[in-house]
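Single-structure report; data block below.
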Amino acid sequence: MLNLSLISAATYGYMGATRKPGSFHGSAFASSFNGCDAAGAKQYQWTFAAANRQLEGARVVKVWDPDVTWARRLAEVCHIPRVCEHPDECAEGVDAAIVVDDGSGEQAQYGITPLRKGIPTFIDKPLAMTAQRAKEIAAIARAAGTPLMSASSLRFVPDVVALREEAAQLGDVHLATTICGNELIYYGIHALETAYAVLGPGAVSCHNVGQPGRNIVRVRFENGRDLVLMVAERDYMRAGYQISLYGAKGWRTLQPDLTDLYLYLMEQFLTVVRTGKEVVPLEETVEVIAVLEAGHRSLALGREVTVAEVLGA
């Protein structure tokens, strides 16, 4: 039985906003391993997402959040035996640590201690809001020799995994589109990683021809493929996810089924913990952040921006 810790898991505050009770990802991860007291969860006014089933062979034994009251309530509902007073305590006496998306975009700070202590660590998306920060975190993991995983949950849903296999039937795919709602870096990572899961890495430049809040990013790859990444905030587009592939022999469009997506994500992390092998190379994880940042810069600068420029290569 693997013993896990959850860090920054009980409240959520988007980009500096006051943190609100509950955490969609934190509760989903906790209940994926420990189950939950469904009736107990309903007694609180908070964000709580119960998993449909439990993963075997692992349990959450520690939790920390800056709001200890809500950390205790998450622990109570999800049967977590210890609430920690400091995030670094979550790197003691455990087999792996899970740093939860808390809305800040800076949650990777809580992964540094477990990484340096050799504790396999999952850092929820996005790994960072800039490529340079993503490189720093990846370098810490590499220097310590510690397994680190950071990925969008959409990478591992079954129909996205199946689409990767089906893509070969379409012939050479020179054009593709991927779409999702909300902010470009923080949420656009879901759309971009869906495309990476299907088509692979290798982006070299971005040109954002959209408008503020409505991003239309042409992502060019080293093999000549063009991917159009469209990410629009809620004032302009309803949230959702879609990918389309345009091949020499056929087309394919998919709106992924998001049922149990966090279970599939945590299954992959358990594989990392048990084998020590990366399911998503860190270099690819950093590249994804660099592409999103390049798209963001391109709109501000009104020109094409290379991924190498963003990475400082």
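The values are calculated or read from the model by the stated rules, or taken from the named source; none is laboratory data. Fair warning: this is a prediction, and the values are worked out from it, not measured in the lab. Cβ coordinates were reconstructed from backbone atoms using ideal geometry, including for glycine residues, and neighbour counts include every protein chain displayed.
Listing for the model above:
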read-out	value
Entirely in the stretch 209-313, the strands (runs of 3 or more DSSP E) that have 2 or more residues that are in contact with a Cys (Cβ under 9 Å, 6 or more places away or on another chain), hydrophobic (A, V, I, L, M, F, W, C) and crowded, with 16+ Cβ neighbours inside 10 Å	214-221, 226-232
Condition met for V198 (crowded, with 18+ Cβ neighbours inside 10 Å, outside any helix (DSSP H, G or I) and touching a strand residue (DSSP E or B) at 6+ places or on another chain (Cβ under 9 Å))	no
Criterion violated by I123 - all others in (1) buried (at least 20 other Cβ atoms within 10 Å of the Cβ); (2) in contact (Cβ under 8 Å) with a residue 60 or more places away in the chain satisfied	(2)
Scope the stretch 37-83; condition basic (K, R) and within 23 Å of T113 (Cα to Cα); matching residues	R59, K62, R72, R82
Checking R142 against (1) surrounded by fewer than 19 Cβ atoms within 10 Å (Cβ to Cβ); (2) basic (K, R); (3) outside any helix (DSSP H, G or I), the condition it does not meet	(3)
Within the stretch 165-194, tally of residues that are assigned to a helix (DSSP H, G or I) and surrounded by 13 or more Cβ atoms within 10 Å (Cβ to Cβ)	10
Any hit, the stretch 24-46, residues being at pLDDT 95 or above, among the aromatic types (F, W, Y) and in contact with a His (Cβ under 8 Å, 6 or more places away or on another chain)	no
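Condition check ((1) surrounded by fewer than 20 Cβ atoms within 10 Å (Cβ to Cβ); (2) modelled with pLDDT under 95; (3) in the same structural domain as Y186 (by TED's automatic domain parsing); (4) under 21 Å from the mean Cα position of the chain (by Cα)) across all residues:
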{"site": "D65", "(1), (2), (3), (4)": "no, no, no, yes"}
{"site": "W70", "(1), (2), (3), (4)": "no, no, no, no"}
{"site": "H86", "(1), (2), (3), (4)": "yes, no, no, no"}
{"site": "E92", "(1), (2), (3), (4)": "yes, no, no, no"}
{"site": "I112", "(1), (2), (3), (4)": "no, no, no, yes"}
{"site": "L115", "(1), (2), (3), (4)": "no, no, no, yes"}
